[in-house]
There are 4 protein chains.
Amino acid sequence: MSENEIRFRSDVTVQLVKSAAQDGDVVFAARVSTQGEQTLATAGEDATARDKGLIRYLMRDRHGSPFEHNSFTFYVEAPIFVFREFMRHRIASYNEESGRYREMRPVFYVPSRERNLVQVGKPGAYVFEPGTADQHELVEESVRTESTSAYRSYQRMLEAGVAREVARTVLPLNLYSSMYTTMNARALMNFLSLRTKKDNAAFPSFPQREIEMVAEQMEEYFRQAMPLTHAAFEDGGRIAP
Amino acid sequence: MSENEIRFRSDVTVQLVKSAAQDGDVVFAARVSTQGEQTLATAGEDATARDKGLIRYLMRDRHGSPFEHNSFTFYVEAPIFVFREFMRHRIASYNEESGRYREMRPVFYVPSRERNLVQVGKPGAYVFEPGTADQHELVEESVRTESTSAYRSYQRMLEAGVAREVARTVLPLNLYSSMYTTMNARALMNFLSLRTKKDNAAFPSFPQREIEMVAEQMEEYFRQAMPLTHAAFEDGGRIAP
Amino acid sequence: MSENEIRFRSDVTVQLVKSAAQDGDVVFAARVSTQGEQTLATAGEDATARDKGLIRYLMRDRHGSPFEHNSFTFYVEAPIFVFREFMRHRIASYNEESGRYREMRPVFYVPSRERNLVQVGKPGAYVFEPGTADQHELVEESVRTESTSAYRSYQRMLEAGVAREVARTVLPLNLYSSMYTTMNARALMNFLSLRTKKDNAAFPSFPQREIEMVAEQMEEYFRQAMPLTHAAFEDGGRIAP
Amino acid sequence: MSENEIRFRSDVTVQLVKSAAQDGDVVFAARVSTQGEQTLATAGEDATARDKGLIRYLMRDRHGSPFEHNSFTFYVEAPIFVFREFMRHRIASYNEESGRYREMRPVFYVPSRERNLVQVGKPGAYVFEPGTADQHELVEESVRTESTSAYRSYQRMLEAGVAREVARTVLPLNLYSSMYTTMNARALMNFLSLRTKKDNAAFPSFPQREIEMVAEQMEEYFRQAMPLTHAAFEDGGRIAP
């Protein structure tokens, strides 16, 4: 496949680049507050039932700072409209690929047939419904036509010597981009509480499906790295401490 | 002009919605550190030569916190690719119009003939040159064609009952959006130091012209509200304290 | 009374230095998201029933950003142990008087007879009880003796030419200090949710009484400036959006 | 030595609890901006001369975000007056031992004979001089007397059943405390630029010696973990990007 052949995807990718995050980090940080330097002496121990109780207590009483001494770095590939929402979260670090420094590759998002297309109800209480086959066809055709046309214009301008930062302005919001993002578990829980829609959540949230797809992959990495913290988050109504 | 008639603009708009910001705020905050409660007693005085010296000293020695006790709220209209860069600044507050909650209006950015189109040199040392008439025509035609086509597709999808959050994904990065943003003078100076290109700047910066157009308007409001602070920023090489 | 005569206080002081904060700011910022530039046209209107509903909806669904386009600057006089807790709140600006730049005045905190002195129960569920007259006398005498002695040592060192930053290290945590602090309504609500103890709060909090005394005064200024926002905060269980 | 025997120290302790920080993190994050997903393919390579040049370029042109995808967690033991300054740095995470939750141990800071005691000159241009033997003796005696007396009062109140949070208020600022703190390299460089005094620094800084002692130990861990980044910081005048 040529570099410039236009591709369409309906998924998003999240890779865990690195993490320095385990439940023990929460426990040791919390114990500094209550026990002083003995904390370090026990740093090698496994998380026990007592740790589990401590984490639940911290979460419930919103002692948020012990959840900050850890970090997750993710590499995310998603459409630009997802990054636009993602970067509204300010307690995180970002490096996104730059359309000023490099030529964007022709990869575009098109909703899959599983993606609900029709929104009913009022703001704050939207419900999504699947959409008809006709609606899906219209979306697919529109997305494919506009993406292809825009990318061809982009290339023509680049070939004519126009600066990348100017030419890119015709590209649509469904273009894929990629980024590194680093955040700690507290910020991650806040992200998840707002960008996933779960039945056990204490507060309603109405994330756009595509950022939720990113959030779900991030949550799985979080669950694996910090199972006790994740369980306390779940059981407490998915409220960030 | 009908609501759905496509319009093209080559400018950006910045309005000062409100500000609570004057040079005296810097002085009084700094004097809390050095003089305690006498500060309040003098709060009514005009900024004097002594204030001017104090502000310069704070700027030069990077005592940043006295520059934070003030705030500017701007209403900005600019293309999405500008907002993408803008929102990377995390020490600020944002509310942007939402393509999930409302139908986007058909207003698109097209570079004016004054906008340099050709980039020469290496990363970190780019220089821009005007571009030929042919290049300008190609850009204008490409922008007009793609914007119009994308907006028509967007409307067709909306008319067919597709959710706004899905339909909007075909819209290009040169679509205008608008936002409220609030920040203090310290954050604003950091923004200006990175998003304007001035000869007297101690550090190089290579902002995209369109965000610089926004920054220049913000700077003018800043200069009017806090002339001594702005002068100290200018004279000190445009380094945020 | 001489400058160096030692004084004892049992209260804290909060003055509103300035604010640029009203309910309308929340409404207009939120409407940028949903209505675009029409927002500005209605900026002069009074907050209405519709505004009230909008603010409640934003609070309930945790749309926090519209609550950030405003600012409060307070001047606070309180003991150092209060500032130690206060400055753990990172989404705020601070300028505190500096014991490196100026001689500290001899004002010290002593608990009043109304201040509960005895703590019973376990961490996370402490209850305070009044304390006996003997306990109150012991506290008062200890505080007065130690404060006086420490301040005399401080002065002796200053008189002997020792640097302020060294001499001050013998001063106790009940010494009064003062600061300017600036924050927006969202950060303020977060502060209040953690630093006051109210029956209608959805989450438990166990603030030290002295920081709660500061918080209560801040809350009163907030209530006056933004009554609809404050009411929505109260009715929603005092959860910051 | 009994738990309650009063001890005096003249040093501070910084331990690196954990770090996830290497020069490669900077390079890979920066390359996301310029090269997209190829970044990951080269993630295993050693930092090379090319990496060195890239890091220098990022530092010089103030591309700060690539320096954020890493983290350092330190355990710090220092007097409270040091923590008071430390926690003014808001881009970091903190858990300090709590005088509300535990009884403070009787460890106090006393300046060593090497600590300069006398400050001459004006604000912004202070110079410190050693001080005489008499001055040193006065400081030592004052510190020992006040610390001991305050701690005895503290204990008497605790024994009489007074709550820890009340009794602690008589303790002086030279009492040792301890904390976990986590920050990334960008925040760390900002901390170092303000809290150390080096000849090659582009900007003046006048840190109190005791926080500088903490900063110097942190810097050594930073230098070991990220030698290329540290060298670029040094060579560039110790300006945080």
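The values are calculated or read from the model by the stated rules, or taken from the named source; none is laboratory data. Model, not experiment: these values are computed from the prediction. Glycine gets a Cβ as well: all are built from the backbone with ideal geometry, and neighbour counts include every protein chain shown.
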I'd like to verify a number: residues in region A:192-203 that are away from chain B (no Cβ under 14 Å) and either in contact (Cβ under 8 Å) with a residue 24 or more places away in the chain or surrounded by 20 or more Cβ atoms within 10 Å (Cβ to Cβ) (or both), how many?
8
On the basis of being assigned to a loop (DSSP other than H, G, I, E, B), at pLDDT 90 or above and of a type in the set (Ser, Thr, Tyr), does B:Ser19 make the cut?
no
State yes or no: is A:Thr145 of a type in the set (Ser, Thr, Tyr), surrounded by fewer than 20 Cβ atoms within 10 Å (Cβ to Cβ) and without any contact (Cβ under 8 Å) to a residue 60 or more places away in the chain?
yes
Just the residues that are without any contact (Cβ under 8 Å) to a residue 24 or more places away in the chain, touching a helix residue (DSSP H, G or I) at 6+ places or on another chain (Cβ under 6 Å) and closer than 18 Å to B:Leu171 by Cβ, please, taken from region A:74-129.
A:Leu117
Please state which of the following conditions B:Tyr176 fails to meet, knowing it meets all the rest: (1) touching a Pro at 6+ places or on another chain (Cβ under 8 Å); (2) without any contact (Cβ under 8 Å) to a residue 40 or more places away in the chain.
(2)
One residue is enough: does region C:226-238 have a residue meeting the conditions touching a His at 6+ places or on another chain (Cβ under 8 Å) and either within 22 Å of A:His63 (Cβ to Cβ) or at pLDDT below 95 (or both)?
no
Per the filter on region B:170-184, residues within 7 Å of chain A (Cβ to nearest Cβ) and within 26 Å of C:Pro66 (Cα to Cα) are B:Leu171, B:Leu173, B:Asn174
Here the residues within region C:205-220 that are in contact (Cβ under 8 Å) with a residue 12 or more places away in the chain and not aliphatic (A, V, I, L, M) are C:Ser205, C:Phe206, C:Pro207, C:Gln208, C:Arg209, C:Glu210, C:Glu212, C:Glu216, C:Gln217, C:Glu219
Residue list for region B:111-130, filter: facing chain A (nearest Cβ under 9 Å) and part of a loop (DSSP other than H, G, I, E, B)
B:Pro111, B:Arg115, B:Asn116, B:Leu117, B:Pro123, B:Tyr126
Of everything in region A:79-106, what is closer than 11 Å to A:Tyr176 by Cβ and either assigned to a loop (DSSP other than H, G, I, E, B) or more than 19 Å from the chain's Cα centre (by Cα) (or both)? Give them in sequence order.
A:Glu97, A:Met104, A:Arg105, A:Pro106
Hey, B:Ser178 of a type in the set (Gly, Ala, Ser) and either in contact with a His (Cβ under 6 Å, 6 or more places away or on another chain) or under 24 Å from A:Tyr151 (Cα atoms) (or both) or not:
no
Tally of residues being of a type outside the set (Ser, Thr, Tyr), facing chain B (nearest Cβ under 8 Å) and crowded, with 22+ Cβ neighbours inside 10 Å across region C:54-95
5
Check A:Phe206 against each of (1) buried (at least 16 other Cβ atoms within 10 Å of the Cβ); (2) more than 9 Å from every other protein chain (Cβ to nearest Cβ); (3) modelled with pLDDT under 95 and name the one condition it does not meet.
(2)
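Matching residues to (1) in contact with a Leu (Cβ under 7 Å, 6 or more places away or on another chain); (2) within 30 Å of D:Val139 (Cα to Cα):
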position: C:Ala163; (1), (2): yes, yes
position: C:Thr169; (1), (2): yes, yes
position: C:Met179; (1), (2): no, yes
position: C:Met183; (1), (2): no, no
position: C:Leu188; (1), (2): no, no
position: C:Phe191; (1), (2): no, no
position: C:Leu194; (1), (2): no, no
position: C:Asn200; (1), (2): no, no
position: C:Phe203; (1), (2): no, no
Can you tell me which residue in region A:148-169 is farthest from the other protein chains (Cβ to nearest Cβ), limited to those that are surrounded by 17 or more Cβ atoms within 10 Å (Cβ to Cβ) and hydroxyl-bearing (Ser, Thr, Tyr)?
A:Tyr151
Determine, yes or no, whether C:Ala187 is more than 27 Å from D:Leu171 (Cα to Cα) and within 13 Å of chain D (Cβ to nearest Cβ).
yes
Within region D:99-110, the residues that are of a type in the set (Phe, Trp, Tyr) and more than 9 Å from chain A (Cβ to nearest Cβ) are D:Phe108, D:Tyr109
